[in-house]
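The values are calculated or read from the model by the stated rules, or taken from the named source; none is laboratory data. Source: prediction; values computed, not measured. Please note: Cβ atoms are built from the backbone with ideal geometry, for glycine as well, and neighbour counts cover all protein chains shown.
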Amino acid sequence: MSDANFPVGARAQSSLLALDARTKKRNAAEARFRAYGIGAIAIGLLFLMVLITSIFAKGMGAFQQTFITLNVELSEAKIDKSGTRDLEAIKKITTFGYNPLIDAALAQALTDAAIDNPFSKGKDLRKMLSSSAAADVRDFVIANPDRIGDTVEFHLLASSRVDGYLKGRVSRESLTRDKNLTPAHLDLVDAFYGAGVVSKGFNLPFITGADASESRPEQAGIGVSMLGSLYMMLVVLACALPVGVAASIYLEEFAPQNWFTDLIEVNIANLAAVPSIVFGILGLSVFIQFAHLPQSAPLVGGLVLTLMTLPTIIISTRASLKSVPPSIREAALGVGASKMQTVFHHVLPLAMPGILTGTIIGLAQALGETAPLLLIGMVGYVASNYPSGLVDGFMSPNSAMPAQIYEWAKRADPAYYERAWGGIIILLLFLMCMNIIAIILRRRFERRW
Amino acid sequence: MNDMTKIEKVAAMQDIKITASGVQVHYGDNHAIKDVSVNIQDKTVTAFIGPSGCGKSTFLRCLNRMNDTIDICRVSGEILLDGEDIYDKRVDPVQLRAKVGMVFQKPNPFPKSIYDNIAYGPRIHGLSRNKAELDDIVEKSLRRGAIWDEVKDRLHAPGTGLSGGQQQRLCIARAIATEPEVLLMDEPCSALDPIATAQVEELIDELRQSYCVVIVTHSMQQAARVSQKTAFFHLGNLVEYGDTDKIFTNPEDKRTESYITGRIG
């Protein structure tokens, strides 16, 4: 075609090898946009790295604990004067009565390691140990009365100050303002550490144990509140999944399109954005004050979290139902399946991965929720006992993992700070597991397509 | 019709499978089908042709009440299948659709095995008493769908793994499996290549022996090739209905002539 055929103002003849101004500008804009994108992702990754490192740096200490290994002579003269091994009589001896045994064991350990005892009173020496030590020995004796008279090796918890000293949290300077321990104790710890009496080990009781009072941070564990969270998740799963899926199926497949269903739809979308504390106060007034369900119970916590999770589950279930191609519905209806057969035989199986993913994400969200628990008494409760059975697990007061972490972070003793971070690590591990399960389930069900 | 004797009328009536009279369809405010009356004969392929949006698919979907699934769709008038009003309150659309099967524009096999695709209909309608009978039905349907030889060795492979033409024949076999009396096809070849189209058309011609087939098509050549009766729709009206040969060679209406000669549509 010759130039004469083009209308006036047509593109001038140009070489493909040279970039014109317009192309240059466009390319520059594209390069800029890419740079912004990479920058945004880099910033995100940086924050993630900082978060993860700080969590692990601060929390890993909670998984290590200092123990003092002592050979305690379970002297018959002290704890079973009658010599009959009568359990009732043994139980009458209080924790306090076991202190002399521990004092003697500590003194023996000093002699064995050839260390001079700087203290005149056993009570001062005993400050190296957790105040739970005597109770641990007593529990052992009650469980094994036949061992009375023997000398038994115990791994007793060191006090949180000793633990902190070995982890670098406590120093001789910081002890000048601390009435619990003196620098002389730390000298002893150093000597004992060399002799192997004081040692650091993996802190299993932190994962399996119960919460302890404010003065015994070395004893506190997250195990009981983990159970509390588990029971709550069971309640959420049992209530939210059937209700949520049934509601979404009805709304998506059966309900007529009118102003009423539109209203419900808008409300569900809005409920997903309602602050969780509002659900907490709703739960307080409905489940506790009106229905008289027990306070602080995982059952109530689970019901409140169900209310909170339902919108999430409904929204994700509806989205995955919507994403099933209408041709599948037509095909099923075309061969004479009823509406319900169409939904249950064809639509639901195809929507399953999405539904499961949504449910697990909802559960994970509920697992990490603290605010609603604040109002039904699950925060601040010291979860020091294991529930005695399934019913008790649902009905008796308990805490939950995030509530426990919040509680620890609130306490004054710096040893609890470490526990709080450790708790966060455990919570994050749980959330990660749930997300991995969601991914696996999605993969597995999608293969059927 | 006026010069027919009474006996001839009765004979003609027996041949007629579907009678539609005064059918009106509204989608909300949109008047999609305007007063359509047509008699569709048994053991015949009837083609609905017309430009896009003329209502031919809508009318087809009235015949097995697929439009029921659309909330804003209202159907009035009378459609009789073997003399029974399919829009009667007592009619359950599920039962109707077992009698009036449907094949869709896009091949839509279930994401299940080939076997399960075919067996699904017979299973939910309780057409077989045991596995052997079901196997028979599946084989018979696949044979009649002219796809048996291609899939007999991989009945448990997913139906979605077949080629487009095979998928469409699978869908036809699936529609046949429930022993329908009428087979509705909504542009069954529009997503297929010419070879697959030829195979499906050949199949449609065979199906005419046993079923009343109604096919919607965009291709006038296809209508001419496969159908004996043709109905031309335009803007929601049934403009002309008659023998395919006559419609294509000597149409009565100006609009039909314009369409088949390519001046409108």
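Test B:Ile176 against the criterion of being touching a strand residue (DSSP E or B) at 6+ places or on another chain (Cβ under 9 Å) and either more than 25 Å from B:Leu134 (Cβ to Cβ) or buried (at least 21 other Cβ atoms within 10 Å of the Cβ) (or both), and give yes or no. It is true that B:Ile176 is touching a strand residue (DSSP E or B) at 6+ places or on another chain (Cβ under 9 Å) and either more than 25 Å from B:Leu134 (Cβ to Cβ) or buried (at least 21 other Cβ atoms within 10 Å of the Cβ) (or both). Check segment A:203-211 and report whether any residue there is in contact with a strand residue (DSSP E or B) (Cβ under 9 Å, 6 or more places away or on another chain) and either modelled with pLDDT of 90 or more or closer than 22 Å to A:Pro397 by Cβ (or both). Within segment A:203-211, one or more residues are in contact with a strand residue (DSSP E or B) (Cβ under 9 Å, 6 or more places away or on another chain) and either modelled with pLDDT of 90 or more or closer than 22 Å to A:Pro397 by Cβ (or both).
Considering A:Leu428, A:Leu356, the condition of being touching a residue at least 24 places away in the same chain (Cβ under 8 Å), surrounded by fewer than 22 Cβ atoms within 10 Å (Cβ to Cβ), touching a helix residue (DSSP H, G or I) at 6+ places or on another chain (Cβ under 6 Å) and not hydroxyl-bearing (Ser, Thr, Tyr) is satisfied by A:Leu356 alone. Checked against (1) surrounded by 16 or more Cβ atoms within 10 Å (Cβ to Cβ); (2) over 26 Å from B:Val23 (Cα atoms), B:Ile195 meets all criteria but (1).
There is no residue in segment B:55-73 that is surrounded by fewer than 16 Cβ atoms within 10 Å (Cβ to Cβ), more than 9 Å from chain A (Cβ to nearest Cβ) and of a type in the set (Gly, Ala, Ser). Tally the residues that are touching an Asp or Glu at 6+ places or on another chain (Cβ under 9 Å) and of a type in the set (Ser, Thr, Tyr), restricting the search to segment B:243-258. Total meeting the criteria: 1. Search segment B:141-167 for residues being over 23 Å from B:Glu187 (Cα atoms), out of contact with any strand residue (DSSP E or B) (no Cβ under 7 Å at 6 or more places or on another chain) and surrounded by fewer than 16 Cβ atoms within 10 Å (Cβ to Cβ), and hand back the single one that is farthest from the other protein chains (Cβ to nearest Cβ). Here the answer is B:Asp149.
Evaluation of A:Ser327 against the conditions (1) at the interface with chain B (Cβ under 8 Å from one of its Cβ atoms); (2) buried (at least 22 other Cβ atoms within 10 Å of the Cβ) shows that the sole unmet condition is (2).
Taking the criterion of being of a type in the set (Val, Ile, Thr) and not in a helix (DSSP H, G or I), the residues of segment A:54-108 that qualify are A:Thr66, A:Ile68, A:Thr69, A:Val72, A:Thr84, A:Ile93, A:Thr94.
In segment A:2-53, of all residues being assigned to a helix (DSSP H, G or I) and more than 60 Å from the chain's Cα centre (by Cα), the one that is modelled with the highest pLDDT corresponds to A:Asn5.
Consider A:Arg169 carefully, then state whether it is touching a residue at least 24 places away in the same chain (Cβ under 8 Å), surrounded by fewer than 18 Cβ atoms within 10 Å (Cβ to Cβ) and of a type outside the set (S, T, N, Q). Taking the combined requirement at face value, the residue satisfies it. Scanning segment B:203-252 for residues that are farther than 21 Å from B:Arg61 by Cβ, in contact (Cβ under 8 Å) with a residue 24 or more places away in the chain and hydroxyl-bearing (Ser, Thr, Tyr) yields B:Ser210, B:Thr244.
A single entry from A:Lys322, A:Lys339 fulfils the requirement of being of a type in the set (D, E, K, R), within 28 Å of A:Glu446 (Cα to Cα) and within 14 Å of chain B (Cβ to nearest Cβ): A:Lys339.
Screening B:Glu181, B:Glu202 for residues that are surrounded by fewer than 23 Cβ atoms within 10 Å (Cβ to Cβ) and within 13 Å of the chain's Cα centre (by Cα) leaves exactly one candidate, B:Glu181. For segment B:76-105, the tally of residues that are out of contact with any Gly (no Cβ under 9 Å at 6 or more places or on another chain), over 18 Å from B:His125 (Cβ atoms) and within 14 Å of chain A (Cβ to nearest Cβ) stands at 1. For segment B:243-263, the condition of being surrounded by fewer than 20 Cβ atoms within 10 Å (Cβ to Cβ), at pLDDT below 90 and either closer than 17 Å to B:Lys140 by Cα or within 14 Å of chain A (Cβ to nearest Cβ) (or both) holds for none of the residues.
Regarding A:Ile55, is this residue among the β-branched types (Val, Ile, Thr) and out of contact with any Phe, Trp or Tyr (no Cβ under 8 Å at 6 or more places or on another chain)? Judged against the criteria, A:Ile55 is not a match.
Of all the criteria given as (1) more than 18 Å from the chain's Cα centre (by Cα); (2) crowded, with 24+ Cβ neighbours inside 10 Å, the one not satisfied by B:Pro111 is (2).
From the list A:Leu227, A:Leu241, A:Leu251, which one is in the same structural domain as A:Arg318 (by TED's automatic domain parsing), touching a residue at least 60 places away in the same chain (Cβ under 8 Å), over 30 Å from the mean Cα position of the chain (by Cα) and crowded, with 17+ Cβ neighbours inside 10 Å?
None of the other options fit; the residue is A:Leu251.
Answer with yes or no whether A:Lys410 is among the basic types (Lys, Arg), surrounded by fewer than 21 Cβ atoms within 10 Å (Cβ to Cβ) and within 14 Å of another protein chain (Cβ to nearest Cβ). Against the criterion (among the basic types (Lys, Arg), surrounded by fewer than 21 Cβ atoms within 10 Å (Cβ to Cβ) and within 14 Å of another protein chain (Cβ to nearest Cβ)), A:Lys410 does not qualify.
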